[in-house]
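Read the figures in this text as sums done on the coordinates, not as results from a lab. Values in this document were obtained by computation on a predicted structure and should not be read as measured data. Cβ coordinates were reconstructed from backbone atoms using ideal geometry, including for glycine residues, and neighbour counts include every protein chain displayed.
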Amino acid sequence: MYDIIPFSIIIISLAIILFIVVRKFPALSSVDIDSLSEEKQSKLHEQIVISRIKNRFKKIVSSKKISFLTKPGIFLKNNFRLLYKKLLNLEKKYKFSKTKIKEITDKEIYKREDALTEAQTLLKDNNLDLAEKKFVEALNLDPQNIKAYEGLSEIYMKLDQDDQAIEVLNHIIKIEENNSQAYFKLGQINFNQGDIKEAREYYLKAVKFKPHYPPILLALANVCQSLEFNEEALSYLKEAVTIESGNPKYLDRLIELSIILKDKNLAETSLSKLKEINPENKKINEYKDKIENKLVT
C-alpha cells in the first residue's frame, strides 16, 4: 500500500502542473496557433516555458531526497510553490503580445536597436540573465527579429540549455530558411552531444547557404574525420587554408591530417607555411619529427 503513495504524489503533481499550464496559457488548449499566422511568434516562447517546467519537474522527481516520500504534504507545499512562482516569472519574461504583427514605428525601432545593443554588450560581458531580458525586450517590439533570437540561442548554448537553444534555432530557420548560422549552431550542439552524423548534416546545410566560410569548413573537417571520411575532411581543410592562409589553426589541422594520410609533400608544404606565419609554434619540431620518422618516401 505504501508503494502507491509515491506514485499517487507524482500523478497529483502532474495534474497540478497541467492545471497551472492550462490556466496560465489558455491559448495552448483553445487556439490552433499554427493556423493563425499572427500568433506564430508566441508559440516558441510558450514552448520554452513548458520545456523549462518539464525540466524543473524532472529534477524534483529525480531528486535523491527521501523527504517527499515520507512527507508528501511538505513536498507539495514547498516544491510546487517554487514551481508556480517560477512559472509566473517565466510567463512575465516571455509574454509577448498576441495581436496582429504590424509595422513597428520609428520610436519602436530606436528602442529595439537600443535593447539589442545593450543585450550584445551584456552578452560579451557574460551577464547572461540581463542579456536575455534585453533580447526578449527587443522581441517584444519586433517578434521576428533574427538578431534577438540569435542572441538568445547563444545564451542558452553558453548555459548548456540545449533544448531551449534548439527551439530558438529551429524558430530562426522557420523565419529565415537560409540562415547559415542557425544550422551551424545546431551542428555544434549535435557534435557536442555526440551525434556526429546529425552534426555533419547541419554543417552541410550551413555551408550550402554560406560557402567558403572557414569556421564551417573546419567544423565539417572535424566531423568528417570523426566519421573516418578523411579525404573529405582534407578537402575542407585545404579550402579553409586557401581562404585564410595566415591562420595557424587551419594549417595545424591540415598538417595533422596530412600526416595521418601519409601525404608527405602536403605535410612539408603546410609545415613550411606554419613556420613562416608562426615560428614560435611549439608543435613545429613535433611535426618535423613525425614527418621525418613516419612519412618515409
A convex hull over the alpha carbons of region 243-293 yields, per residue, a volume in Å³ of 66 Å³
Dimensionless Rg/Rh of region 89-229, both radii on Cα and Rh by Kirkwood, sits at 1.02
HN-Hα couplings for region 232-241 via Karplus (6.51, -1.76, 1.60; θ = phi - 60°), in whole Hz with x for Gly/Pro, come out as 5, 4, 4, 5, 5, 5, 4, 5, 4, 5
Across 10 Å bins beginning at 0, the whole-percent shares of Cα-Cα pair distances in region 106-177 come to 23, 52, 24, 1
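Local charge sum around residue 243 (other residues, Cβ-Cβ under 15 Å, Lys/Arg +1, Asp/Glu -1)?
+3
Where nothing but the Cβ of Lys and Arg (+1) and of Asp and Glu (-1) is charged, how large is the charge dipole of region 106-177 around its Cα centre, in debye to the nearest 20? It would help to have the intermediate numbers written out before the result.
Working: 9 positive and 18 negative charges, 36 e Å.
Roughly 180 debye, rounded to the nearest 20.
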The set of residues whose placed amide H lies less than 5 Å from the amide H of residue 179, leaving out same-chain residues fewer than 5 positions away, is none
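Could you tell me which GluC sites (Glu not before Pro) in region 196-280 are loop residues by DSSP with no more than 10 other beta carbons within 10 angstrom of their beta carbon?
Values: sites: 198, 201, 228, 231, 232, 239, 244, 256, 268, 276, 280; in loops: 228, 244, 280.
Passing sites in region 196-280 are 228, 280.
What is the sum of charges around residue 162, taking Lys and Arg as +1, Asp and Glu as -1, for the other residues whose C-beta is under 12 Å from the C-beta of residue 162? Kindly include the intermediate steps, with their values, before the conclusion.
Details: positive: 158, 185; negative: 160, 163, 167, 195.
Spelling it out: positives minus negatives among the neighbours equals -2.
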Label model pair residue 242, residue 286: point-to-point distance (7 angstrom along the Cα→beta-carbon line) in nm is 2.9 nm
Sequence order, region 210-215: Karplus ³J(HN,Hα) from phi using 6.51 cos²θ - 1.76 cosθ + 1.60, θ = phi - 60°, Hz rounded, Gly and Pro as x, gives 9, x, 6, 9, x, x
Scalar couplings 3J(HN,Hα) for region 180-195 by Karplus 6.51 cos²θ - 1.76 cosθ + 1.60 (θ = phi - 60°), nearest whole Hz, x for Gly and Pro, are 4, 5, 5, 5, 4, 5, 4, x, 4, 4, 5, 5, 5, 7, x, 8
